[in-house]
Each structure stands twice: as C-alpha cells, then as structure tokens.
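Read the structure below first, then the notes.
The values are calculated or read from the model by the stated rules, or taken from the named source; none is laboratory data. Computed from a prediction, not measured in an experiment: that's the story for all the values here. Heads up, the Cβs are rebuilt from the backbone with ideal geometry, glycines too, and the neighbour counts pull from every protein chain shown.
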Amino acid sequence: MRRGISIRWLPLLTVLAMLGPVVAGLLGTIAPAFGYLPAANMTERTVAPFVDLFRWGGFPHAVMLSVTTGFLATSLSLLITVLIIAGWHGTRAFNLIRRLLSPLLSVPHAASAFGIAFLITPSGWVARAFSPWLTGWERPPDVLIVQDHWGLAMVVGLVAKEVPFLLLMSLAALGQVNAKSSATIAAALGYGRVTGWLKTVFPRVYAQIRLPVYVVLAYSMSTVDVAIVLGPNTPPTLSVQIVKWMSDPDLAMRLEAAAAALVQLLLVIGALIWWRGGEIVVGILGAKWVMRGTRSFGDNALRVVGLGAGVLVCTGVLLGLVSLGVWSVAGLWSYPDVLPDSLSARSWSRHWGNIFDTGITTLLIAVCATFIAVLLTLGCLEAEYRFDFTMSERGVFLLYLPLMVPQTAFLPGLQTLMLSAGLKSGFVPVVLAHLVFVLPYVFLSLSDPFRAWDVRFGTIAAALGRSANGVFWRVRLPMLLAPVLTAVAVGFAASVGQYLPTLLVGGGRLSTLTTEAVALAAGGDRRAIGVYGLAQTVAAILPFAAALLLPQIIWRNRRGLSDA
Amino acid sequence: MNILRTTALAFCALSTTATAQTDPENWDAVTAAANGQTVYWNAWGGSTQTNDFIAWVGDRVSEDYGVTLEHVKLSDTADAVSRVLAEKSAGQNDDGAIDMIWINGANFAAMKDANLLFGPFAESLPNWALVDVQGKSVQSDFTVPTDGMESPWAMAQVVFIHDTADLAAPLGSMEAILEWSSANPGRFTFPQPPDFLGTTFLKQALIDLLDDTTVLSAPVGDNYDEVTAPLWDFMDALTPTLWRQGKAYPQTGPRQLQLIADNEVDLAISFSPGEASAAIANFQLPDTARTFVLDKGTLGNASFVAIPYNSGSSEGAMVVANFLMSAEAQTRAQNPDILGYGTVLNMDALSTNERAAFDALDLGIATLSPAELGTALPEPHPSWATRLADDWAARYGVAQ
C-alpha cells in the first residue's frame, strides 16, 4: 500500500463541506418556521407562521407560479435540447450551435434576463424595429408582457438559459455513449434522423443528463434573479416573496419567510418526485413506441422546429447581449428609436474603476472556490473507484441538497452559524459559501463522464506497470480533460453568478460583479446594467472558451479525445 | 405581533453595547482615531448619481482625514438592519461588518428601539452648527425623535415628474391626477409598495385627500378605517386606469424614469426635487421633463446616516457624517448635474463665500425653486406607512 495521504476519507470530507452549511442553515430555518427565533426571544413552538403564510392572499398563486413555471421551463428546455440534438447532430449547423454554447452559457442569468426583457417589452427593441411604420404605434401598447401574471415571460427567460446548459451536459454525455455508431446503424435500418436518434440514443443520454434536468427543475422553481426581472409582482413567485419577507425589518416576517421556505422546499421535492413518475410513464410509452418500429415520425417537421427553436434561443440571448452593449454606450435613447440618439462613453468611464476592482474580487473568489471544488470532486470520484464505494440513492440526494434547497431558505441560517463560529465576514467565508454551491455543479458535470470512463484502460495501464496514482494522473485524467475543463467552466460560472451568498455571508465587505449588478438593477439604470452585464459575461466566458478550445488544441492529434 | 415585537425589543435592550469607541464630544480625539480607519457605508446603490457622489465623498475624506470609505451598495436598507441584528444575536459586539447606514423612517425606528445604534453623536459634530434645525425637520424622523442617534445629510421633498410632450400642464391635486389618468389610461404608475416611494405615494394621496391631517401625527389606532376610507375609494377608482391596468408596477423609483423615457408613462412620483434635472443631464429623461408639486403641498423628510452600536470604525464614520454636513459636500449634492438633493444647511449660518457658492448653483431646468416647492408637509407617524403598505398589498397586491 503506497504511503501517503489516503483519499479514502475524501468523500466524507466533501459531503461535510457541502452539507454541513446546508444542514445548519436548514436548522436555522426549520426553527423559525415553527416559531423559534432566539434573536427575537420567541421560543414557543407553534404553527402560527404557517397559518399566517396560508392566509397571505398571494399564496395560492405564488405556489402555482412556482410549480407551473418550473415544469413548463424544464419541459420546454428539454424538448428543445432533444430536438436540436436529434435533428442536427453531426451536421455543420450543429457545430455552429456548439461554438455558440460558450457565449450563451456565460451570460449570467440576470444579465440575460435583462437583455430578453428589453427585447420583448412593448417598448423594446423588437417593437421599436417595427414601429411606427408597420404597427402604427406612436406610443407603446399597454400590454402586459414582461412581468405577466402567468409567468410566461419568466419561462422564456429561463428556457433561454437552460437550453444551452442542457445542451452542454448532453454534449458531454454524448461522448461517453457512443452516439455516432448507434445513429449510423439506425440510419442504415431506414430510420429517419430524428426518430432514429430518439429511439436509440436518447434513453442512454437521458440517463446521463437526468441529474442536470432535476437541477434545472429545482432552479426554475426557486430562482430569484430571473423572477425579479421577468416574473410577475402581483404576487411574485414564492422565492421572491421569501426574499422580500427576509428583508422586512419586522422580525415576525422572518417566521413567515421561514415557513414559506419550507413550503418551497416541499414543493421542489414534490415536483422532483412527480417528474420521476413522468419519466417512468414516458419510459413505458417510449418502449412501446420503439417496439412498433415506425421508421419516421414527422422527422422533417421536427428538424425544422428544433432548428427554429434553437435559433430563437440563440438570437434571443445574443441580441439581448448586444442590446446590453448598446445601452452601455447610449446617450438618450427613447421610443421609437431603434438606435440611440447619441453615443457616449460616459457609462464605461464612470464604472470602469469599480468594474476592475470588483472583477478582480469576483475572479479570485471563483478561482479559489472552483479549484477546491474540482480537487475534492476528482479525489472523491477516484476514491470511489479505488475503494469500491458506490454512491447510493441517498448519496445522490445529498449531493443535490444545496441546489434544491432554495438559497433564501438556508443562507440566513448559514450567516448566523458563521458569525457564532467567529468566522468574520471576509474572503474565506465567502469562498466556503460559494463552495457549497459550486461543488454540486462541478460534481454533477464531472461525475458521469468520470464514471463512464472505460476502466479497461486502467486495467491495461496497471498491467503495463503503473500504480493506481499513475493510472489516475497519466491515463484517466488526460482522457477526461474535456469533461474536467467543462466542470471548471461550470463551477466558475456558478461562482460568478452567485448573489445572495456573497451579500449575506460577506457582510457586504466583498463586492462582486453580480452584487453590483443586482444593486443597480433596483435602480433601473439600463446603461449601468449594460456595462455590468457585459463585464459579468466576459468574466464567465473565458473558462468556457478554454473548455472548448483547449481539448481541441491539446488533443489535436487524438480525434477520439477532442470530441464529444 | 405586538407582543412578539415588544419581547424582541426587551431582549435587545438587555444586551450590552460595545464601549470601545471615542466620545464624540472630543473632536480632536475622534479625528486622530479616525485616521487610517476604513468605514463601510451601507447605502442604497440603485442610483448611479448617488454612487458617484459617495465615491467623491470617499476621495475627500481620504484626502483630509485619512479615512477610507467603502460604499456597500444595498438594494434595500432593511438588509443592513438584518445584518446588524444577526450580529447582535450571534454576540458579535465588536467590529461589525457595517460602520454607517443611510437610513430614515421605519428602519431607523426599528434600530433605535432595539438599541442597535451608536450614539448620541450627531449634535456633537462640528458641522451641526450649520444645520437648519429650526426651518427643517432634522431632529425628528417620521415623528420619532432622533435624539442625536442619526445625523442628517439631505432633504427630500415629493415632486411629480411629467413629460410635457404628453402632459403639458401640472396637476394640482390627487383628484386632478385621477381625472387625467381616467382620460388617459395606462400613462401613470408608481412603485409597488412596500417600496418606500410607493408607500410615499399612498401617504401623499391620503394627506391630499384628507381635510384634517393632524390625526396622522399620532400612531395609527382604531381610527384607521375611518381615516383611510377616502384613500381606498380613490385607489379603487385609480387602479384600473394605471399602467398595465394595475397588474404590474415598477419596483423602484428610478425605474419609472426609464418608463417615461420609453414613452410608456407620462407621470411619475419622485422624492428628490433635483432628480429630473439630474436625469436629463444623464440622458435618462427627455429634456421635455418637468416637475410640479400639489397645490396643498407635498411631503418632505430628511435622509440621515446612523452608526451601528458595534462598529469598529465609529470615529471614521463620525468624520464622514460630519463631512456630509459641510458646505462643500452640501453644495455639491445640491448641484443637479451631480445629485440634485436638497440641503440641510441654514443659509444664514454659512460664510459669505459658502453662501455665494449655493446661490451660484443652477438648480436645473426641471427643478422647482425653493419658493415654488413651498413648505414641506410633515411625515405621518411610521405606523401609518406600514399599515397603508400592508393594506395596499392586501387589496391590490394580488392581481385578479
């Protein structure tokens, strides 16, 4: 046995790093939900907070909003992703989409939501392009699109960000699933392109992207940033309302917020169970469909729909990004002008100093959190392989806990925990707080490709005389360069986009690009939002570019490694 | 709710406060201790003009006193209150994360009652001598006495901003606004309560509709339904004529300016008489925007800064608070190209040069002169604002 630090304990350490804060935060939430808040000297256990919550007039609608927007956004995203891959894998159009994935994914949620809001609002860019010469609108129509009552604008904003995410996860999975040969065989047997892919490859791919889909569902139901920009306000979604209650100076509102947070948690759990049931049903029906042997099922129409939806998502996000850029240099820009009256560098020169400072902070935090996360993840997965641990169902559930529990539910509890432990607000607590959210994403995007690696390579290497560590560093890791870089990029973007952890745990002493952008969002200065949105995007795009380019460069002479 | 609140306050009152801070009376000791300190000023960060002004303040106090000022941008002052509260409940009584908060109204009342503030210090500051204590309401914050626990730095008064291209003449009263809005549906809105500006609109409407407003100086009691009945009749009539038929609202004040620029609305409420001019200079509003006040007058209040009890840089914070009340800072704040806030200073207490600097200011094309603004109406007791906001949310907060 090689002497040195055993990695046997790494899985336990990782779980502790990820879950300790969540559990403590939840305890900090469960207690007030039942009336126990020592800071306000309330120590009786009571269900009064839940009663107050149910009595709130907006409760039924907020709950319904969370559930319907969550399901709608997730289903649509998954559908579009599947149609794009099924219809266009291997074509030149697909390569173009793959190249666009990095810029699309790196636009942080809030920035992309603003861009889309400006596009679709009645006085927005699309309307301005056609007014008043086509539509006859001297003034914008009084139509409720953004912040509509049913959350449809919010669904659009969510889908626009989730399709690239699911696409990226699927691409990482495709490489491990031998998609090309299956598709070729299906084509040889006479199946249409879409139908063949759906019947042969999709079930295997879905098994690998099931976890990202769950995360997407949980996120869609409990998002705060996108809901604030695009979602309704009368009433808002449950998570936004929780944040509003948490900020209320009246302490009694915290109890109601804690109760609502628990309800949100239960909703997310229920939704996941429901989705799982849906998977089983679809699986049964799908198997029957496969057995029927239909060679083609409206393939051409589906291809067009898939491409159309993909193009819409791409152009939506990119145009939104461009609009942020134009706003950042705009002078006076009123309706119905398509372009600003004048350009001005004032916004950039005004904000540049602050952007530079906060940008450095953002990058430092992201680098530290992601580095630790990747280290822990690789160590865990390797320990799992060497010592034959298996991740049970419960283990998987624990992995998702930080992503499924709404941030608003356990972060204030986490804040109190850190204060009591004497951890002063500063860089290290914020990195640890970011780690809680970055670890699951990194683990999520890395675990399946890692495990799907063919262990026979390891066997051969061992037979050729390499130790276990040698196999890891010299065979496995190089072969998994693309998934590892993708995981780094995902972790980086996750850290750059964090708002509540930085604000609450950092005590306001650390400003990142996101905290600045959200603070400005409250003011409605589109120029400043444009500047910060672009800066945020650039901060997140670099690792994605690296994740796509580096494997191509490093493995340019190994075709099987540079692909997905 | 009341019992919970009282026990909360009782609990906080029993806690001890940190005493390692310098006595404000000894100004030399304060400036000596302040040299080299870093002050984290938690202030609303939603307006780029205000952020720039705070950055300028940081440069100046660094030059003159060696104090480093960090602006922590908040979207809601209650976040800072939560933070100090969390620190107190975790027993962190020294060197908290927050050194100074831009605060007034209900937030101040909550912190003062829970003994979360350092002080009294405001009246010991050297520049307090320049403040217009008689003419401006700077010693009582929404009817709650400040007791020197917060120091003023800006005066605000409600004005209405209108785009003269679509709405040419000022409207003199709430009834006039209702009439105009009914004739031009979808062209008026206000921030959604409980945003402070939205709640201000409700208070302003109530004050304008009532004949006798003295009842509002006392805490809200059983007279609530009777007193607010005209307001809810007014809102019932107004809400369907609002922008988006009252189903959606802008979430903050500056968002309304964007709506005017987008030609979606023609009328908006603002708390700063100079905001419109500053916005025009900043490309945020068309140059046809102007402001007006109601015939009966509009609400006014002061913005303050307060220091949390557990601040580790209380001397630096006092230095900054003092600088904010200086003629130099006040002149700059009143300049509409920079900020456009009203001053807290008494012109008679200033030197000739300082006074000349004020007189030389061009208040801006959309700013009303002090004579046109008239006297500001006093704010109601904070309990009215809370109750109005809650009631509005119950009645209109959920669209049908």
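For the range A:240-252, the condition holds for at least one residue, the condition being that it is within 12 Å of chain B (Cβ to nearest Cβ), part of a helix (DSSP H, G or I), more than 27 Å from the chain's Cα centre (by Cα) and at pLDDT below 85.
Taking the range A:220-239 as the range and being in a helix (DSSP H, G or I), touching a Phe, Trp or Tyr at 6+ places or on another chain (Cβ under 7 Å) and within 10 Å of chain B (Cβ to nearest Cβ) as the test, only A:Val229 passes. When the range B:196-217 is filtered for residues that are out of contact with any strand residue (DSSP E or B) (no Cβ under 8 Å at 6 or more places or on another chain) and in contact (Cβ under 8 Å) with a residue 60 or more places away in the chain, the ones remaining, listed by number, are B:Phe196, B:Gly198, B:Thr199, B:Leu202, B:Leu206, B:Asp208, B:Leu216, B:Ser217. The numbered conditions (1) in contact (Cβ under 8 Å) with a residue 60 or more places away in the chain; (2) surrounded by fewer than 24 Cβ atoms within 10 Å (Cβ to Cβ); (3) under 30 Å from A:Arg346 (Cβ atoms) are all true for B:Ser277 except (2). For the range B:106-119, check the following and say yes or no: at least one residue is more than 11 Å from chain A (Cβ to nearest Cβ) and part of a helix (DSSP H, G or I). Within the range B:106-119, one or more residues are more than 11 Å from chain A (Cβ to nearest Cβ) and part of a helix (DSSP H, G or I).
Among the residues here, B:Asn107 qualifies as polar (S, T, N, Q) and surrounded by 20 or more Cβ atoms within 10 Å (Cβ to Cβ).
Assessment of the range B:48-62 against the conditions (within 9 Å of another protein chain (Cβ to nearest Cβ), assigned to a helix (DSSP H, G or I), over 24 Å from B:Ser137 (Cα atoms) and among the charged types (D, E, K, R)) yields at least one matching residue. Select from the range B:348-391 the residues that are farther than 30 Å from B:Ala168 by Cβ, in a helix (DSSP H, G or I) and among the hydrophobic types (A, V, I, L, M, F, W, C) and list them in ascending order. Correct list: B:Ala349, B:Ala356, B:Ala357, B:Phe358, B:Ala360, B:Trp384, B:Ala385, B:Leu388, B:Ala389.
Conditions (1) under 30 Å from B:Ala97 (Cβ atoms); (2) surrounded by fewer than 24 Cβ atoms within 10 Å (Cβ to Cβ); (3) out of contact with any strand residue (DSSP E or B) (no Cβ under 9 Å at 6 or more places or on another chain), marked per residue:
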{"residue": "B:Gln284", "(1), (2), (3)": "no, no, yes"}
{"residue": "B:Thr288", "(1), (2), (3)": "no, yes, no"}
{"residue": "B:Val293", "(1), (2), (3)": "no, yes, no"}
{"residue": "B:Asn301", "(1), (2), (3)": "yes, no, no"}
{"residue": "B:Ile307", "(1), (2), (3)": "yes, no, no"}
{"residue": "B:Val319", "(1), (2), (3)": "yes, no, no"}
{"residue": "B:Leu324", "(1), (2), (3)": "yes, no, no"}
{"residue": "B:Asp337", "(1), (2), (3)": "no, yes, yes"}
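Per this entry, A:Val213 is not counted among residues that are within 14 Å of chain B (Cβ to nearest Cβ), among the β-branched types (Val, Ile, Thr) and surrounded by 15 or more Cβ atoms within 10 Å (Cβ to Cβ). Taking the range A:441-530 and the helices (runs of 4 or more DSSP H) fully enclosed by it, the elements with 1 or more residues that are touching a Lys or Arg at 6+ places or on another chain (Cβ under 9 Å) are at A:456-463, A:468-471, A:500-505, A:513-521. For the range B:81-102, the tally of residues that are over 14 Å from B:Val305 (Cβ atoms), part of a loop (DSSP other than H, G, I, E, B) and more than 7 Å from every other protein chain (Cβ to nearest Cβ) stands at 5.
Just a yes or no: is a residue in the range A:119-141 aromatic (Phe, Trp, Tyr), within 26 Å of A:Tyr219 (Cβ to Cβ) and modelled with pLDDT of 85 or more? There is no residue in the range A:119-141 that is aromatic (Phe, Trp, Tyr), within 26 Å of A:Tyr219 (Cβ to Cβ) and modelled with pLDDT of 85 or more. Can you tell me which residues in the range A:313-347 are of a type in the set (Phe, Trp, Tyr) and modelled with pLDDT of 90 or more? A:Trp327, the sole residue that qualifies. For A:Leu230, are the conditions met, namely being buried (at least 24 other Cβ atoms within 10 Å of the Cβ) and either of a type in the set (Val, Ile, Thr) or outside the structural domain of A:Pro440 (by TED's automatic domain parsing) (or both)? The answer is yes for A:Leu230. For the range A:129-147, filtered to residues that are surrounded by fewer than 21 Cβ atoms within 10 Å (Cβ to Cβ) and within 10 Å of chain B (Cβ to nearest Cβ), the residue that is nearest to B:Lys247 (Cα to Cα) is A:Leu144. Scanning the range A:96-104 for any residue that is over 30 Å from A:Met64 (Cβ atoms), touching a residue at least 60 places away in the same chain (Cβ under 8 Å), within 10 Å of another protein chain (Cβ to nearest Cβ) and surrounded by fewer than 21 Cβ atoms within 10 Å (Cβ to Cβ) turns up nothing. Against the test of being within 25 Å of B:Leu117 (Cα to Cα) and aromatic (Phe, Trp, Tyr), the options B:Trp232, B:Trp180, B:Trp153 yield a single qualifying residue, B:Trp153. Answer with yes or no whether B:Glu70 is acidic (Asp, Glu), surrounded by 14 or more Cβ atoms within 10 Å (Cβ to Cβ) and modelled with pLDDT of 80 or more. Yes: the conditions hold for B:Glu70. Evaluating B:Thr189 against the criteria (1) buried (at least 22 other Cβ atoms within 10 Å of the Cβ); (2) β-branched (Val, Ile, Thr); (3) more than 11 Å from every other protein chain (Cβ to nearest Cβ) leaves one unmet condition, (3). Checking every residue in the range B:287-304 against the condition of being among the aromatic types (Phe, Trp, Tyr) and either closer than 17 Å to A:Leu332 by Cβ or modelled with pLDDT under 90 (or both) gives zero matches.
Can you pull out every residue in the range A:304-354 that is of a type in the set (A, V, I, L, M, F, W, C) and assigned to a loop (DSSP other than H, G, I, E, B)? Result: A:Val329, A:Leu332, A:Trp333, A:Val338, A:Leu339, A:Ala345.
Applying the criterion of at least 1 residues that are within 24 Å of the chain's Cα centre (by Cα) to the helices (runs of 4 or more DSSP H) found wholly in the range A:112-197 leaves A:152-174. Scanning the range B:63-80 for residues that are part of a helix (DSSP H, G or I) and facing chain A (nearest Cβ under 7 Å) yields B:Ala78, B:Asp79. The set of residues in the range A:149-169 being surrounded by fewer than 20 Cβ atoms within 10 Å (Cβ to Cβ) and either in contact with a Gly (Cβ under 8 Å, 6 or more places away or on another chain) or within 10 Å of chain B (Cβ to nearest Cβ) (or both) consists of A:His149 alone.
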